[in-house]
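Structure first, commentary second.
Only the coordinates and a few stated rules stand behind these numbers; no lab work does. This one's a predicted model, so the numbers in the text were calculated from it and none came from an experiment. Reconstructed Cβ throughout: ideal geometry from the backbone, glycine too, with neighbour counts over all protein chains shown.
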Amino acid sequence: MSARLFPIPFVALLLTGCLREELPVDPSPRGEAMQLQVCMGPGYQDQLWIDLGTGTVVATNPKGAWDLAFDSKPDGWHIWLNGSKLMTAWNVGAVDITQPTDTTGMHDARRIDAPSGHPDSTAFGNAWGSGDVFVVDLG
C-alpha cells in the first residue's frame, strides 16, 4: 500500500513546478510625496485636523471632548459619532420612548460611522424626519 502512495508527492511536485510565470508589470511612476510628523500626545489623546495643502495643524482637541457632531449647514441633517470613543448606535424604530422596549438582540444591530467620515455612511444614516429612535452607546 505504501509503495503505491510513494510516487504521489513526486507527481504533485512536478505538476506544481510547471506553472507559467507571471508577466512582469512596470511599476507606476512615483508622485510627489509629502511627509508630516505631528504629536498626538501620549496615549494618542488628541484629535488633529490637518490642512494637507499647507501641512499645518489647523485644529486640535482632546479625543473625549465630544460625543456627537451635528451638521451645521443650513440644510444639514447629518450626525456623527465620536469613533475614537468606540461609540455605537442602534435604530430601534419608531417606538414610544416613554414605554419599556425589549432590547433582546439589540447588540447585533449596532452600527458605527464609516471611518471615511462621509455623511452618507453614518450610524444614523438618512433617518432625519423618520421618527425613529436611536440608542447611543457612549463607548
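In this structure, is residue 90 surrounded by 15 or more Cβ atoms within 10 Å (Cβ to Cβ), farther than 30 Å from residue 35 by Cβ and touching a Phe, Trp or Tyr at 6+ places or on another chain (Cβ under 8 Å)?
Yes: the conditions hold for residue 90.
Do any residues in the range 90-114 that are of a type in the set (Gly, Ala, Ser) have Cβ atoms under 6 Å from those of residues that are part of a loop (DSSP other than H, G, I, E, B), where the two are at least six apart or on different chains, and which pairs are they?
93/132; 94/131; 94/132
Tell me which strands (runs of 3 or more DSSP E) are completely within the range 53-107 and hold 3 or more residues being farther than 23 Å from residue 121 by Cβ, or say none if there are none.
56-62
For every residue, the table says whether it meets (1) loosely packed, with under 11 Cβ neighbours inside 10 Å; (2) under 30 Å from residue 33 (Cβ atoms); (3) over 20 Å from the mean Cα position of the chain (by Cα).
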{"site": "49", "(1), (2), (3)": "yes, yes, no"}
{"site": "53", "(1), (2), (3)": "yes, yes, yes"}
{"site": "82", "(1), (2), (3)": "no, no, no"}
{"site": "85", "(1), (2), (3)": "no, no, no"}
{"site": "108", "(1), (2), (3)": "yes, no, no"}
{"site": "112", "(1), (2), (3)": "no, no, no"}
{"site": "138", "(1), (2), (3)": "no, no, no"}
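Scan the range 63-106 for residues that are closer than 16 Å to residue 130 by Cβ and aliphatic (A, V, I, L, M) and report the count.
Here the count works out to 6.
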